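Here the structure is laid out as structure tokens; the discussion comes afterwards.
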């Protein structure tokens, strides 16, 4: 695919700027260049990323910041080896009110037990929407009127990593002892609280022998008469960042998509999409783009409520089978409401992307030690016994510590076929994938 001069220049500038802030992976990893944080932890340099930059070279899959791996976590600094006791003593000497902006109301349940464990500290949790968490932190950073100490949010398309972390609104904290229990691939972009994912659900009564599909390609299969094999139910994917990021990942991993097709049908994929209608370059013979095109042309019913999505599967039959894409936690309807539903797992080339809720320190916050003490607490503490993870322990959530005993989920995360998100590659093509989705969906 032809690469534009502008994209090459931007890639070169970003790689050079990121290389300048990288640390030595052989020992402690240094922090990126200082952005003026008062916490003592240096901030990432501005990589120059913006929405305009991301769309500057549409679908240029060669533009990849992974050429400088030192830009990514885990980062270990002077905070990383501090114990709970050391952080507690420091926290009592700073602003003792620790303010958390959270996207989950379950975070409110941490206030009382945290304050009981650490007398003298006051935990204040603000339950906000994801956009509010980020916008408030951004405004506070720009006006130097910082209230928040900790953010809890998730990043599914690279926006948080590129536009908040890289620009110094938030900074990383990686407690070394806890990180030793988390796979490094899940520490690349942030420090995780837990992960979730979406599954395709099927009707267990209609398919008593198990899931009817093993590949994403089979979801959009047609019968011999040309009719669609499955009734498809989902949220409007173009309005769901996590789902659209998943489709973007198929374009990035086009070779895997093509191989999955060949493994299922025994022949090479035929490319039928027409990219000539777009003002940007779309790669030729890309299996992920082909899948996006075919999926948009399938008959789908959009339902905004996850419980109603899985209800549609429960109400389907063998003669009129249905599949629904919904969050993993909706499996609770199996026991609570008696629905005949189950997850489709281990789909090829992969089932889903992990949607990871992360904990981040606000740059220049008033309680830097208290913020880190709370992050250690909420992610289980040194021995995974702090109790902080308890409010988030439910079916469909998977804490990523290898020493966490998961009694809620029917399967381990490693058994389901999901993979960690590549936030850099997805960020680079996300706007264009959204454009393709909306255009093709309306044809």
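The values are calculated or read from the model by the stated rules, or taken from the named source; none is laboratory data. In this text, all values refer to a predicted model and were calculated from it rather than measured experimentally. Virtual Cβ from ideal backbone geometry, glycine too; neighbours counted across all protein chains shown.
Taking the range 91-111 as the range and being part of a helix (DSSP H, G or I), closer than 16 Å to residue 373 by Cβ, touching a residue at least 60 places away in the same chain (Cβ under 8 Å) and under 26 Å from the mean Cα position of the chain (by Cα) as the test, the residues that pass are 107, 110. Could you check the range 289-314 and list, in sequence order, the residues that are part of a helix (DSSP H, G or I) and more than 22 Å from residue 431 (Cβ to Cβ)? Within the range 289-314, 306, 307, 308, 309, 310, 311, 312, 313, 314 meet the criteria. Report yes if residue 189 is within 25 Å of residue 406 (Cα to Cα), under 24 Å from the mean Cα position of the chain (by Cα) and not in a loop (DSSP other than H, G, I, E, B), otherwise no. No: the conditions fail for residue 189. Under the condition of being buried (at least 22 other Cβ atoms within 10 Å of the Cβ) and more than 15 Å from residue 365 (Cα to Cα), the residues counted in the range 135-155 number 3. Scanning the range 118-135 for residues that are closer than 17 Å to residue 371 by Cα and out of contact with any helix residue (DSSP H, G or I) (no Cβ under 7 Å at 6 or more places or on another chain) turns up 119, 120, 124, 126, 133. When residues in the range 405-431 are screened for being surrounded by 22 or more Cβ atoms within 10 Å (Cβ to Cβ) and over 30 Å from residue 335 (Cβ atoms), 6 of them pass. When the helices (runs of 4 or more DSSP H) confined to the range 213-279 are screened for residues that are loosely packed, with under 15 Cβ neighbours inside 10 Å, those reaching at least 3 such residues are found at 254-265. From (1) within 25 Å of residue 403 (Cα to Cα); (2) buried (at least 20 other Cβ atoms within 10 Å of the Cβ); (3) free of Cβ contacts under 8 Å to residues at least 60 places away in the same chain, pick out the condition that doesn't hold for residue 180. It fails just one condition, (2).
For the range 335-371, residues that are over 22 Å from the mean Cα position of the chain (by Cα), assigned by TED's automatic domain parsing to the domain that holds residue 111 and outside any loop (DSSP other than H, G, I, E, B) total 4.
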